[in-house]
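Engineer: The following block contains the structure, expressed as structure tokens.
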Amino acid sequence: MSMIEFKDVEKYYGDFHALHDINLEVEAGETVVLLGPSGSGKSTLIRTINGLESIEGGQLIVNNQDLANPKTDLNRLRKDVGMVFQHFNLYDNKTILENIMIAPRLVLKRDEAENKETAMGLLERVGLTDQANKYPSQLSGGQKQRVAIARSLAMKPKALLFDEPTSALDPEMVNGVLKIMREIAQDSSMTMLVVTHEMGFAKQVADRVIFMADGKILEDAPTAKFFEHPEEERARQFLSQIVH
Amino acid sequence: MQMKQVAGAAFSFFAAGLLMSGVTQTTVHAASSDKNETYERIQKTHKMNWGVKGDTKLMGLMNIESGKLEGFDIDMAKEITKRVDPKAKVELTQITSGTRVPMLLNGNIDSIIATMTITPEREKVVDFSEPYFNAGQSLLVKNSSDVKNIKDLDRKGARILGVQGSNSIENVKKFAPKARIVALPDYATALTALQSGQGDALTTDNGILYGMAVDNKGVKVVGGTFTTEPYGIAVDKDNPKLVKAINDAVDDMKSDGTYDKLAKKWFNDVPGMDWKEVAK
Amino acid sequence: MWSLFTSHASEFLTGFGWTILSSVIALIGSTILGLGFALLQIVPNRWANLVGKIYIEIVRNIPLLVITMFFYVVVANIFKLNGFISGTIGLTLYTSAFIAETIRAGINAVDSGQYEGGRANGMSWWETMRYIVLPQAIHLVIPPLGNQFVNLIKNSSVLAFVAGLDLMYQANMISQLTFDTFNPYIIVAIFYLMLTMPLSYYMRYLEEKNAH
């Protein structure tokens, strides 16, 4: 069963054609990495999946909900589709614990004791139990991103979208975040879509790789095949630049 | 204690500011304390600057089309100037009830002819000529109103409209102590307020009220006059020569028929008004 | 000056009372309205945005006195509104447009990632505003909001034009009764300072407290 399905999707920013005739299917439980040079439309694509960006043409079905239909309840959709941003987007006015607890409390009406227990459990999982009562401004970038992942997991989503989760981090912080993402990917029920430049992570974790350039999907291949025998010239160029 | 200090500090701050700009009342008085200063200034400069009304039909009103001030007071000012100093040019400055006295004391204007009633309080601050016009306070009401005279307004809940700075609002308190006074900045606002039901009647001198009734069909003057309001020409204190010259000029106008001519010109066509009455 | 105050104490104090009452009503009213119109301008609905924009552009570009006179002489034909009520309504509406603009600017100054974070996390537009964006915006707008409140108190002198019984009205009356055009206004200025200075200091205190 497919979790995410793009059919002939088009996206414009004014005159700029950001997404060209996108066709893509992601199965539930799959881990897919999006690669491509900057400005290729990866982030735009991933942001259409939870409705942060609207689409102008085609059909986009996520978790059986039609995003081309303006009547679709995006709040309901987003309960099941979490997102982790490049710049974390933690709530600056809330403590770390509150950052994790607020959406389950308001959106899922989760019982307060259970909510706290879940949140503390997630903080333990990302190794930040002792930071629970601090504010985001007191944390390092890597710590913030781990909190952001915990915040997304607290909603118990079916799918998680990662938009360049390690690009804004200092190099020594990257591994801690990737380690957690790897653990999440091992959960067979979680659908993951990751925009990243971390080739090692992609090789190790992804089931499939999507290669994008100029707003188009140029290649969609199993991970091993993509890295060993990329079909497209643009993909080969891209890989040679990144790897060396 | 602390409040006093704050107030004291704030006051000294203001006082210092005003001293620097040189506009405190003490300096004003010092500057104009020379006897007959205004009179001598008129004789020297051959200019006589009058403070007049610009918003009062029949007495002093700015004609929007011609941009000129017109009215009985304006014509009086011109005729008096001719007689005080035949060479003098007439200058007219629009004043309001609020600004007229400070402007006179500052020397911005030489005299005021602007529906100003002679009262003992005012005589402490300025000098007046003999009365040149006998007005009386009256009431203006909507045509639909039941109010017939001032007695009808002496009840709780009655609201009498007036204009800030006119002595008519002080007077009316004596005649209708139970009514509430609503004082507005000018006659136009007061008249609009009457029409909008913000008051039961508008009170001021009958000359002014007749002027309003001429132009506005929905209102009428009722109840006759309940005070006498002798209008005088005001000049700065310590100017006996100017006061005398003005008094002589008015007497002269009365004896040579100029005064009657002006009164007839402005008041003859006003329904309900007897111009001979005011000109006594 | 002291003797002028003591001989007209009841008028000054009455005026002070009406000025305080009008300012407090207008302060509460304009803050609520201002917040409402700020949100109306940014809510994801084009018609609501338009309504908010039209209201703000009209109200803040008309002199306060004109708005007040509109209620005093036009609306009063339909509803009974005396000078105090007309003036207070005028003051509330006029100030609300400026507060709306101030709050809207504050909301726009909050990093858009805060809003996206909330929405992507499943919270509704209103929940994201209420719990994430507005608390951060309010923090940013306290200093300019304080200026608006001080302006509001000073602008309450518009009541004098419609016989609203406030401080300035009483000063006009006293000045014209006594022919003293100086001291009544000094006394009134001190009364205004007694309201505006503590308010300024309180807003500054809030600003500093919030900085931590």
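Engineer: Which condition number in (1) free of Cβ contacts under 8 Å to residues at least 12 places away in the same chain; (2) farther than 30 Å from A:Ser2 by Cβ; (3) of a type outside the set (Gly, Ala, Ser) is the one that A:Lys134 fails?
Structural biologist: Just one mismatch for A:Lys134, condition (1).
Engineer: If I filter segment C:98-108 for residues that are within 10 Å of the chain's Cα centre (by Cα) and either open to solvent by 10 Å² or more (accessible area, probe 1.4 Å) or within 15 Å of C:Leu27 (Cα to Cα) (or both), do I get at least one hit?
Structural biologist: yes
Engineer: So, one more: Considering only residues of segment A:135-162 that are more than 14 Å from chain C (Cβ to nearest Cβ) and outside any helix (DSSP H, G or I), which is surrounded by the fewest Cβ atoms within 10 Å (Cβ to Cβ)?
Structural biologist: Here the answer is A:Ser140.
Engineer: Could you tell me whether segment B:179-196 includes any residue that is within 16 Å of the chain's Cα centre (by Cα), within 11 Å of chain C (Cβ to nearest Cβ), under 23 Å from C:Gly15 (Cα atoms) and buried (at least 24 other Cβ atoms within 10 Å of the Cβ)?
Structural biologist: Yes: segment B:179-196 contains one or more residues that are within 16 Å of the chain's Cα centre (by Cα), within 11 Å of chain C (Cβ to nearest Cβ), under 23 Å from C:Gly15 (Cα atoms) and buried (at least 24 other Cβ atoms within 10 Å of the Cβ).
Engineer: Please verify whether segment C:4-17 includes one or more residues that are under 22 Å from C:Leu134 (Cα atoms), surrounded by 14 or more Cβ atoms within 10 Å (Cβ to Cβ) and either modelled with pLDDT under 95 or away from chain B (no Cβ under 14 Å) (or both).
Structural biologist: No, the conditions are met nowhere in segment C:4-17.
Engineer: Moving on to the next point. Would you mention how many residues in segment A:163-174 are more than 12 Å from the chain's Cα centre (by Cα) and either surrounded by 15 or more Cβ atoms within 10 Å (Cβ to Cβ) or within 23 Å of A:Gly39 (Cβ to Cβ) (or both)?
Structural biologist: Count: 5.
Engineer: Same structure again: Test C:Tyr55 against the stated conditions and say whether it is crowded, with 22+ Cβ neighbours inside 10 Å and part of a helix (DSSP H, G or I).
Structural biologist: So C:Tyr55 fails the test.
Engineer: Can you pull out every residue in segment B:134-164 that is of a type outside the set (A, V, I, L, M), under 21 Å from B:Lys220 (Cβ atoms) and part of a strand (DSSP E or B)?
Structural biologist: Selection gives B:Gln137, B:Ser138, B:Lys142, B:Arg159, B:Gly162.
Engineer: Here's another thing I want to ask about it. Hey, can you tell me all the residues within segment C:170-212 that are among the polar types (S, T, N, Q) and in a helix (DSSP H, G or I)?
Structural biologist: C:Gln170, C:Asn172, C:Ser175, C:Gln176, C:Thr178, C:Asn183, C:Thr196, C:Ser200, C:Asn210 - these are the residues of segment C:170-212 that are among the polar types (S, T, N, Q) and in a helix (DSSP H, G or I).
Conditions (1) of a type outside the set (Gly, Ala, Ser); (2) under 23 Å from B:Lys254 (Cα atoms); (3) modelled with pLDDT under 85, marked per residue:
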position	(1), (2), (3)
B:Ala15	no, no, yes
B:Gly22	no, no, yes
B:Lys68	yes, no, no
B:Asp85	yes, yes, no
B:Asn106	yes, no, no
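Engineer: For segment B:165-174, indicate whether the set of residues that are within 14 Å of chain C (Cβ to nearest Cβ) and at positive phi is non-empty.
Structural biologist: Yes, segment B:165-174 has at least one match.
Engineer: Scan segment A:176-225 residue by residue and report those that are in a strand (DSSP E or B) and hydroxyl-bearing (Ser, Thr, Tyr).
Structural biologist: Scanning segment A:176-225 gives a single hit, A:Thr191.
Engineer: Quick check on this structure: which one of B:Thr203, B:Thr228 is of a type in the set (Val, Ile, Thr) and crowded, with 20+ Cβ neighbours inside 10 Å?
Structural biologist: That would be B:Thr203, the only listed residue that is of a type in the set (Val, Ile, Thr) and crowded, with 20+ Cβ neighbours inside 10 Å.
Engineer: Name every residue in segment C:59-73 that is in contact (Cβ under 8 Å) with a residue 24 or more places away in the chain, open to solvent by 40 Å² or more (accessible area, probe 1.4 Å) and of a type outside the set (A, V, I, L, M), in order of residue number.
Structural biologist: C:Arg60
Engineer: Taking segment C:9-52, which residues are touching a Ser or Thr at 6+ places or on another chain (Cβ under 8 Å), within 19 Å of C:Ala160 (Cβ to Cβ) and of a type outside the set (A, V, I, L, M, F, W, C)?
Structural biologist: C:Thr19, C:Ser22, C:Ser23
Engineer: Tell me, which helices (runs of 4 or more DSSP H) lie completely within segment A:18-126 with 2 or more residues that are at the interface with chain C (Cβ under 9 Å from one of its Cβ atoms)?
Structural biologist: The helices (runs of 4 or more DSSP H) meeting that bar are A:74-80, A:96-107.
Engineer: So, of the residues in segment A:186-219 that are out of contact with any helix residue (DSSP H, G or I) (no Cβ under 8 Å at 6 or more places or on another chain) and of a type in the set (Asp, Glu), which turns out to be surrounded by the fewest Cβ atoms within 10 Å (Cβ to Cβ)?
Structural biologist: Among them, the one singled out is A:Asp187.
Engineer: Among the residues of segment B:238-260, are any touching a residue at least 12 places away in the same chain (Cβ under 8 Å), assigned to a loop (DSSP other than H, G, I, E, B) and out of contact with any Leu (no Cβ under 6 Å at 6 or more places or on another chain)?
Structural biologist: Checking segment B:238-260: at least one residue is touching a residue at least 12 places away in the same chain (Cβ under 8 Å), assigned to a loop (DSSP other than H, G, I, E, B) and out of contact with any Leu (no Cβ under 6 Å at 6 or more places or on another chain).
The values are calculated or read from the model by the stated rules, or taken from the named source; none is laboratory data. Computed from a predicted model, the values in this text were never measured in an experiment. Ideal geometry is used to build each Cβ from the backbone, glycine not excepted, and the neighbour counts take in all protein chains shown. SASA here: full protein model, heavy atoms, side chains in, ligands and nucleic acids out. Shrake-Rupley method; radii C 1.70, N 1.55, O 1.52, S 1.80 Å.
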